[in-house]
1. May I ask you to list the residues in the range 50-73 that are more than 14 Å from the chain's Cα centre (by Cα) and not basic (Lys, Arg)?
2. Output the qualifying pairs, or none if there are none: Cβ atoms under 9 angstrom, residues six or more apart or on different chains, first residue in the range 4-15 and at positive phi and in a helix (DSSP H, G or I), second residue modelled with pLDDT under 95 and of a type in the set (A, V, I, L, M, F, W, C).
3. Enumerate the pairs (first residue in the range 71-95 and without any contact (Cβ under 8 Å) to a residue 12 or more places away in the chain; second residue anywhere and surrounded by 12 or more Cβ atoms within 10 Å (Cβ to Cβ)) with beta-carbon separation below 8 Å, excluding pairs fewer than 6 apart on the same chain, so at least 6 apart or on different chains.
4. With respect to ALA76, is the statement that it is closer than 19 Å to ILE90 by Cα and surrounded by 11 or more Cβ atoms within 10 Å (Cβ to Cβ) true?
5. Given the criterion at pLDDT below 90 and among the basic types (Lys, Arg), identify the matching residue among LYS75, LYS68.
6. Looking at the range 23-47 only, could you name the residues that are among the polar types (S, T, N, Q) and either exposed (fewer than 11 other Cβ atoms within 10 Å of the Cβ) or part of a loop (DSSP other than H, G, I, E, B) (or both)?
7. Which members of the range 24-55 meet the condition of being aliphatic (A, V, I, L, M) and at pLDDT 90 or above?
8. Residues in the range 59-66: is at least one surrounded by 15 or more Cβ atoms within 10 Å (Cβ to Cβ), without any contact (Cβ under 8 Å) to a residue 60 or more places away in the chain and outside any helix (DSSP H, G or I)?
Amino acid sequence: MIEHKTLGKIVTASYFTGAGLSLFTPPPLVSREKEGLNNIRLHKILANVHLPAMIVTNIYSENKMKQKKYREIHKASAYTAVASYTLAMITIILDF
């Protein structure tokens, strides 16, 4: 069974690799800008939630943060990251 710490490192490495690739890709050659809220705009809004949540999750994952208050922050930020990342992926699949 994979330990919590090992799984956290794997998830962190894969998440920030994907984030880096996303941030450093060139813009699309053909732009399909739509007025109002669309799936890409919603995806970007959710990215502004899950990126800080991932950073906070990693900050509060250190061994020196063993106090209950810090564990609760770690747990809440991890749940926020998972939920917002999942919703962001679903918005890419849906086209509205």
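The values are calculated or read from the model by the stated rules, or taken from the named source; none is laboratory data. Keep in mind that what you see is a predicted model, and the values were worked out from it rather than measured. Here Cβ is always computed from backbone atoms with ideal geometry, including for glycine, and neighbour counts include all displayed protein chains.
1. At the first step, the residues of the range 50-73 found to be more than 14 Å from the chain's Cα centre (by Cα) are 59-73.
Residues satisfying the conditions are ILE59, TYR60, SER61, GLU62, ASN63, MET65, GLN67, TYR70, GLU72, ILE73.
2. Hits for this filter: zero, empty list.
3. ARG71/TYR60; ARG71/MET65
4. no
5. On the way: LYS75 fails: at pLDDT below 90.
Testing whether each residue is at pLDDT below 90 and among the basic types (Lys, Arg) leaves just LYS68.
6. Scanning the range 23-47 gives THR25, SER31, ASN38.
7. Correct list: LEU42, ILE45, LEU46, ALA47, VAL49, LEU51, ALA53, MET54, ILE55.
8. Yes, the range 59-66 contains a residue that is surrounded by 15 or more Cβ atoms within 10 Å (Cβ to Cβ), without any contact (Cβ under 8 Å) to a residue 60 or more places away in the chain and outside any helix (DSSP H, G or I).
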